Structures are given as structure tokens and as C-alpha cells.
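Enquirer: Got a structure for you, questions after.
Here, each number is a calculation from the coordinates, and none is a lab measurement. Since we're looking at a predicted model, the values are computed, not measured. All Cβ positions, glycine included, derive from the backbone under ideal geometry; neighbour counts span all protein chains shown.
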Amino acid sequence: MRIVYWNVNRTDLSSLVCSIASATNADLIVLNENSVPSFITLEKLQQEVSPEFFVPRASTEKRFQCFCRHPDLDMTEVHSGFRISVRSLRISGTFSLLALVHGVDIQNYDTEERQSFAQSIATELEFVKQNWKSNRIILMGDFNMNPFDRGMNLAAGLNAMMTKACAVAGTRRHLDKDYDLYYNPMWSYLGDLSEGPAGTIYDTSRRGPYGWSMLDQAILSHSVLSLFEGVKILTTAGANSLLDGKGRPDSVNASNHLPVMLELRDKPND
């Protein structure tokens, strides 16, 4: 099962979205900051990729647009909050939750404010987990934080570790309270020695002190680690490159963000 997430930066990239859907055989496409009404993108996907695509039921589509290929995946929105949409995701008939996140931006919010946002998201997810009696959660989105930022790995934040071995413990105790651990595979793509680009966005201004940043991420709860197959930063949409001549995101012909594809197994890997 393949989930593709892409912040298209308020640009009509419908043709590239269709190329990605076709080339990856994606089961689920999630677009963030899409200026095109979902029915138009859906029509293109149905005509150019597969008539099976549909838009799952949700309270709003302003921030996230979802295009699902298989009805049995469900993807009905079960919770909507500030910059978060939680969907019911059925993998081989088993109920899980897919939380789509768009963190507050770096230009208008400092490090402490973005950490505070991560902690508020964690609190919101605790409510969702209790309400739906499940801790089988996958998070995807533009977090506007790097994997090493405190909001991503603070126990009371998103509590996301850099290796599966760190996350298999299940929980981490902090101030006499247990917090569910998450695995963040995006750590593996940081820097020159990684396969492919060193991040999902490139910026050398005051907002981008590292040059490359890994703002777009997929993280998984310890309870769904056995379903993890892999994650990839996409650099092509079919025959079209998403990179410019310097190997950076092509913000002129595509988006300043690169898409992220998460692959999940149908059955746990024992």
C-alpha cells in the first residue's frame, strides 16, 4: 500500500499529481495547500489514472485534499482540528488512524511556538486515541520542523525516535507519565550520504539555516511498526523531474516541497 503526500504550494500541479499517481501506483494521494478544487483534481485522476479514485468524506477540504483508490481503505475523517485532520484508515481490514498535519510556518512562528504546536497536536492525538480506542496511528504532513527539532522528539511532543529499535519499547516515561513512542524514518534521508535528496525543501535564507530541511515527514506509532515497508522522497513525476538544474526542488515548474511516499505492508512482518 502506497500513500503519497505532497505540499503543492498553492500551485496547480494536477498533471504532475496524475503522473505521480500513475508511476507509483499510489493507493492514496494527499495534497496540502492545493489551490485547485478537489473535484477538478479528482476528475483528472479518474480520466488519466483510474476511474476508481474518489474523495473520502470529510468536514472540510481547505487544508488537505485526499484522493483514495480503494473504498475498503475508508479514509473517512474522524477528527478535525487546528491544522490537523485524522482519518480512519483500514489496512487489511484492521482499523488504524492516519493523522494529516500541517505545522505552523517557520516565517511567522519561532522555534518555541512550533514546539508548542507539536505538543498541542500530541495532546489532540491522545484525545483521538482514547475516543477511538486505538493507538495505531500514522502521521504524515508538512510539520515545518526537522526530525531533530524538539517538538518532534520531546516526550510530551510527538516523541518520534530516529530508529525502530528505539521505538519498539512502546512507551517512554516522563514526569511520571507514559508516552507512546513513534518511529521517524525521515532521519535516514538527512545529509549527503543518504539516498536521493538530503531533505524535502531547500532554503538558505534566515528561515533555512541548514540549506536542506526535512519538513515533510511520515512517522509511525510503535503499534504499526510491523506494517512499515519503506519511505521515499520522490524526485520525479513519471518522466518529469521535480528537481531543478542544481538538484533542488523545482519551485518554478513544480513545488518548493518534494513529495513523500510511505509504503505499508498488507500484513505485519513477524
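Enquirer: Connecting C-alpha atoms closer than 10 Å in a GNM of the chain, tell me which of SER213, SER92, SER223 has the biggest fluctuation.
Expert: Comparing SER213, SER92, SER223 in a Gaussian network model of the chain, the most mobile one is SER92.
Enquirer: Just subtract the alpha-carbon distance of GLU263 and ALA23 from 0.36 nm times their residue separation and send over the number in nm, one decimal.
Expert: On the way: separation 240, 0.36 × 240 = 86.40 nm, distance 1.42 nm.
Net length gain for the segment: 85.0 nm.
Enquirer: Sticking with this one: If a paramagnetic tag sat 7 Å from the Cα of LYS164 along the Cα-Cβ line, which residues of region 75-104 would have the backbone N under 17 Å from that point?
Expert: None, by backbone N distance to the label point.
Enquirer: So how much slack lies between GLU43 and SER59, counting 0.36 nm per residue of separation and subtracting their Cα-Cα distance, in nm?
Expert: Working: separation 16, 0.36 × 16 = 5.76 nm, distance 2.04 nm.
Once the chain is fully extended between GLU43 and SER59, it gains 3.7 nm.
Enquirer: What's the lysine pair count for region 2-264 at a Cα cut-off below 22 Å, pairs eight or more apart or interchain?
Expert: Count of close lysine pairs: 7.
Enquirer: Now, a different point. Mind pulling the per residue volume of the convex hull built on the Cα atoms of region 130-231? Å³ is fine.
Expert: In region 130-231, the Cα hull volume divided by residue count equals 114 Å³.
Enquirer: If you take the beta carbon distance between ARG173 and ASP105 as r and set R0 to 41 Å, what does 1/(1 + (r/R0)^6) give as a FRET efficiency, to the nearest 0.05? Mind showing how you got there, number by number?
Expert: Numbers: r = 33 Å, r/R0 = 0.80.
Once the sixth-power term is evaluated, E becomes 0.80.
Enquirer: So which trypsin sites (Lys or Arg not before Pro) in region 59-89 end up in coil per DSSP with only 12 or fewer other C-beta atoms within 10 Å?
Expert: LYS62
Enquirer: Now a separate question. Taking a temperature of 10 °C and a viscosity of 1.306 mPa s, what whole-number D in µm²/s does Stokes-Einstein yield for region 2-264 with Rh from Kirkwood over alpha carbon pairs?
Expert: 86 µm²/s
Enquirer: Quick one: which residues, 5+ away or cross-chain, put their amide H under 5 Å from the amide H of SER255? H built at 1.01 Å from N.
Expert: Amide H neighbours of SER255, under 5 Å, 5+ apart: ASP250.
Enquirer: Go through region 38-80 and name the GluC sites (Glu not before Pro) that are in a DSSP coil and have 13 or fewer other Cβ atoms within 10 Å of their Cβ.
Expert: Filter output for region 38-80: GLU52.
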